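The values are calculated or read from the model by the stated rules, or taken from the named source; none is laboratory data. A quick note: this is a predicted structure, and the numbers were derived from the prediction, not measured. Reconstructed Cβ throughout: ideal geometry from the backbone, glycine too, with neighbour counts over all protein chains shown. We work out accessible area using only protein heavy atoms, side chains counted, and drop any ligands, DNA or RNA first. Shrake-Rupley method; radii C 1.70, N 1.55, O 1.52, S 1.80 Å.
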Amino acid sequence: MGSALESNRRPDLLEGLDPEQRAAATAPRGPVCVLAGAGTGKTRTITHRIAHLVRSGHVSAGQVLAVTFTARAAGEMRTRLRQLGVEAAQARTFHAAALRQLRYFWPRVVGDRQWDLIEGNKLRLVGQAANRLGMPTEVEVLRDLASEIEWAKASLVSPDDYPAVVSRLNRDVPEAPGRLAELYRTYEQLKNNAQLLDFDDLLLHTTAALEEHKAVAEEFRDRYRCFVVDEYQDVTPAQQRLLDAWLGGRDDLTVVGDANQTIYSFGGASPRPLLDFTRRFPEATVVRLERDYRSTPQVVALANRVIGAARGRPAGSRLDLVGQRPDGPPPRFAEYDDEVAEAAAVAGRIRELRDAGVPASEIAVLYRVNAQSEAYEQALSEVGIPYLVRGGERFFSRREVRQAMAALRTAAAGEPDGDLVDLVRRVLADVGLTEQPPSGGAAKERWDALLALVELAEELAATTGGATLGRFVAELDQRAAAQHPPTVEGVTLASLHAAKGLEWDAVFLVGLAEGTMPIQHADGNDEAIEEERRLFYVGVTRAREYLSLTWALARNPDGRRNRRRSRFLYGLIPEDHPAARVARSQKQTALKARCRICGGPLIATMEIKLGRCGKCPADVDEELLARLKEWRVERARELKVPAFVVFTDATLVAIAEQRPTDDSALVSISGIGATKLDRFGAEVLAVVRDCHGK
Ligand code: ATP
Ligand code: MG
């Protein structure tokens with residue numbers, strides 16, 4: 001992604017920017033806000049702005065701190081900064097920046113007590129807390145509880161305030177708010193007693209150190225003078241507070257973002273600081289960009305249509321993107337009988353692209369949830385195409401990479417002379433880098449990983465004159481710490497969330513069926529659906545040229561073909577396309593379902609379940625719903641299963657709306673089949689009767 005073009009641009013840094021980008025890059029020190037759509041050059045603009053400020057002597061590179069949201073995006077920013085000759089500027093994730101600062105200031109603010117970071121997974125501690133309070137401890141439940149605690153911490157909500165805040169926000173919570181607050185409090189106690197810090201603590205403690213210790217704040221502010229935030233639409237209150245502590249009342253802040261790519265609201269992120277930036281800094285330079293340099297006009301047109309249907313505040317800031325690249329192929333749509341067939345077809349198509357000369361590293365398969373990767377790993381293995389599952393931290397834990405790094409380190413200690421790339425090749429020959437690649441399988445994967453290290457050395461040699469082996473090892477260490485793997489020659493498999501800010505020549509958006517995209521639990525919640533739509537938009541806008549959109553009617557080859565393609569695809573498929581016929585007939589089936597209040601058509605799964613459209617007022621019997629929920633909690637506890645296993649929320653709402661009085665009325669509600677009727681039918685009817693008989 002860091003194109004060779006950018007390094008060639010060194011003589012005149014600003015030559016490669018359009019007038020608006022240039023206005024942002026050359027704005028005087030002070031607040032700058034770039035509010036623009038996908039692919040319009042936001043990231044490019046801020047890296048050039050940093051380089052420009054440094055070159056014109058306004059700041060030194062070491063005084064710049066640029067933050068973004070994923071390790072890979074931070075790595076991408078570092079690469080681009082290096083190509084612009086300002087490698088001393090720091091580019092990190094919020095968490096990595098906080099960790100570094102906390103390590104440095106820790107002895108001064110806490111003394112010499114040793115604290116450790118909870119590695120990986122905090123479920124064990126949440127489980128202990130739940131156990132202590134007699135709450136369920138199944139992994140799925142704990143996962144929900146843990147992310148709720150994360151939300152609270154990211155939103156700066158304390159255990160004491162939690163119940164009031166969630167009630168004010170009308171937030172859908174996985175446990176009674178009072179109980180959850182209790183769990184949150186207990187978790188914090190257990191964690192503190194064990195002298196552990198979780199990820200969110202990094203932000204909170206760093207903020208506190210800066211807010212409460214004058215000397216720490218002064219030293220920090222002397223060291224960092226210029227702040228840049230990429231993907232600012234996804235800032236959480238905890239991150240914003242840290243940013244404010246960094247600034248300490250100064251205003252040397254550049255933010256860039258696209259409210260229509262807000263995809264972390266569930267984790268507490270909000271586009272509001274981006275959208276309200278000029279209210280906070282009325283003198284800010286504001287730049288809007290609409291030229292899309294990333295994608296072909298065909299992809300851009302589709303993207304505009306996807307986001308054109310969006311609702312809510314972020315949608316108010318959207319601009320129609322204007323594609324700047326030459327024409328490319330039209331996006332492809334296809335429907336398959338099942339997910340296995342879908343994955344096989346996608347793998348086949350990827351092979352054709354590769355045969356036509358598209359490098360594997362320029363191809364990505366993007367999906368909604370990580371569990372979807374497996375089918376693609378298998379299908380790609382079958383056709384012999386290398387791939388990388390994103391979450392690329394695995395690269396540095398690979399055996400051959402660890403061996404290679406150890407060997408390089410040893411060699412570097414001898415301070416050898418000579419060409420960096422030759423040296424690296426020679427050292428890696430001893431750990432298995434042969435002249436010719438092995439024919440396939442695991443050996444080829446190992447070879448590819450070693451080759452990626454050589455390519456990294458080539459890149460370093462090209463951008464940094466006279467780079468030594470020692471410098472290369474330092475670069476590898478830094479990348480390992482930041483979990484920023486080099487590009488391995490392989491197809492990227494990634495979740496849509498992880499793809500933010502990145503781009504590929506060819507993108508396959510897969511699994512575009514209702515229940516997966518949008519995800520099941522978003523159904524019936526307008527805000528959640530809008531977030532899913534934005535996620536879909538992020539996916540569409542990752543493609544430079546080739547875009548494929550596919551879905552399957554059944555999960556397994558022998559499963560029922562009862563899935564429906566994503567609602568986000570309506571209106572996108574061209575009329576003369578074979579899938580359009582399917583689309584029309586699906587729409588007709590959907591149209592057959594009618595709202596029992598206004599008689600209008602029902603489309604969303606949740607609407608069909610409720611038998612009522614989203615616009616009509618709910619006629620839920622609230623008391624009955626509350627009783628049904630109580631009943632479900634008890635039942636779930638007895639059976640030791642999560643509540644949704646008994647009945648989902650949607651089913652309970654449907655019962656509370658339709659108030660069935662006998663078995664046949666009950667089974668007509670979707671989500672209640674013969675088994676459920678058998679197990680719970682009599683009890684549910686009794687709850688309905690009791691509530692009504694009173
Ligand atoms: P996203 O919202 O997805 O993060 P972005 O606005 O940050 O997108 P960039 O990644 O900076 O966009 O740019 C998208 C692509 O367009 C990159 O390949 C970049 O090099 C290219 N590009 C941006 N501006 C220009 C320009 N003025 N001329 C040529 N290419 C450009
Ligand atoms: Mg970007």
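Taking each of Lys153/Lys640; Lys153/Lys500; Lys191/Lys214; Lys629/Lys676; Lys42/Lys500 in turn, the alpha-carbon distance tops 21 angstrom for Lys153/Lys640; Lys153/Lys500; Lys191/Lys214. For the range 116-194, the share of accessible area belonging to carbon and sulfur comes to 44 percent (1.4 Å probe, ligands and nucleic acids excluded). When each of the peptides 257-267, 162-172 is scored by how many other beta carbons lie within 10 Å of its residues on average, the order from highest to lowest is 257-267, 162-172. Rounded to 0.05, the FRET efficiency of the Arg313 and Ile519 pair, given R0 = 35 Å and the Cβ-Cβ distance, is 0.95.
Highest-first packing order for the peptide set 485-497, 555-567 is 485-497, 555-567, based on the mean count of other beta carbon atoms within 10 Å.
Rounded, prolate or oblate: which fits the range 178-279 when a ≥ b ≥ c are the square roots of the eigenvalues of the alpha-carbon gyration tensor, with rounded for a/c under 1.5 and prolate only if a/b beats b/c? The shape class here is oblate. The long axis of helix 94-110 is offset from the longest Cα principal axis of the chain by roughly 80 degrees. Enclosing the Cα atoms of the chain in their convex hull gives a volume equal to 179 cubic angstrom per residue. In the context of the full set of protein chains, residues of the chain present 45 Å² of accessible surface per residue (probe radius 1.4 Å, heavy atoms only). Under the simplified labelling scheme, the Asp18-Thr464 pair shows an inter-label distance of 3.4 nm, with each label point 7 Å from Cα along Cα→Cβ. Extending 7 Å from Cα along the Cβ direction at Val645 and again at Asp337 yields two label points whose distance is 3.3 nm. Compared with the alpha-carbon gap, the fully stretched path from Val633 to Glu290 is longer by 118.4 nm at 0.36 nm per residue. The H on the amide N of Arg291, modeled in the peptide plane, is under 5 Å from the matching H of Val322, each at least 5 residues off or on a different chain. Per-residue extension of 0.36 nm, minus the Cα-Cα distance of Arg29 and Arg108, leaves a gain of 25.3 nm for this segment. Of the accessible area of the range 373-503, computed with a 1.4 Å probe over protein heavy atoms only, carbon and sulfur atoms account for 48 percent. Each label was represented as a point 7 Å from its Cα along the Cα-to-Cβ direction; for Arg471 and Asp678 these points are 7.2 nm apart.
Expressed as a fraction of 2.2 N^0.38 Å, the value expected for a compact globular protein of N residues, the C-alpha radius of gyration of the range 7-97 is 1.01.
The convex hull defined by the C-alpha atoms of the range 79-225 has an orientation-averaged projected area of 11.3 nm².
Volume per residue of the convex hull around the Cα atoms, evaluated for the range 116-194, comes out as 88 Å³. Could you state the angle between the C-alpha long axis of helix 469-481 and the longest principal axis of the C-alpha atoms of the chain, as a value from 0 to 90 degrees rounded to the nearest 10? The answer is roughly 20 degrees. For a paramagnetic label modelled on Asn556 (point 7 Å from Cα along Cα→Cβ), amide N atoms under 20 Å away belong, within the range 333-360, to 336-345. What area, in nm² and to one decimal, does the C-alpha convex hull of the range 336-476 cast on average over all directions? Computing the convex hull of the Cα atoms and averaging its projections yields 9.8 nm².
Let me know the charge dipole size of the chain about its Cα centre in debye, to the nearest 20, where only the beta-carbon of Lys, Arg (+1) and Asp, Glu (-1) is charged. Rounded to the nearest 20 debye, it is 880 debye. The amide H of Phe333, built 1.01 Å from its N in the peptide plane, has Leu549 as neighbours under 5 Å, considering only residues 5 or more places off or on other chains. Kindly identify the range 22-154 as rounded, prolate or oblate by the Cα gyration tensor criterion: order the square roots of the eigenvalues as a ≥ b ≥ c, call it rounded if a/c is under 1.5, otherwise compare a/b with b/c, prolate if a/b is larger, else oblate. It is prolate, given that a/c is not under 1.5 and a/b is the larger ratio. Orientation-averaged projection of the range 395-482 equals 5.5 nm² [convex hull of Cα atoms, one quarter of hull surface area]. Note that the range 42-47 has calculated 3J(HN,Hα) couplings of 5, 5, 4, 4, 6, 5 Hz, one per residue in order, obtained from phi through the Karplus relation 6.51 cos²θ - 1.76 cosθ + 1.60 (θ = phi - 60°); glycine and proline are x. As a calculated quantity, the FRET efficiency between Thr137 and Arg171 at R0 = 25 Å, using C-beta atoms, amounts to about 0.60. Sorting 424-431, 517-524 by average packing, meaning the other beta carbons within 10 Å per residue, from highest down gives 517-524, 424-431.
Compute the helix-to-body angle for 214-223: its Cα long axis versus the longest principal axis of the chain, expressed 0 to 90° and rounded to tens. So the inclination is approximately 60 degrees.
Note on the range 258-340: Kirkwood hydrodynamic radius from all Cα pairs is 15.4 Å, rounded to one decimal. Summing Lys and Arg as +1 and Asp and Glu as -1 over all other residues whose Cβ lies under 11 Å from the Cβ of Pro331 gives a net charge of +1.
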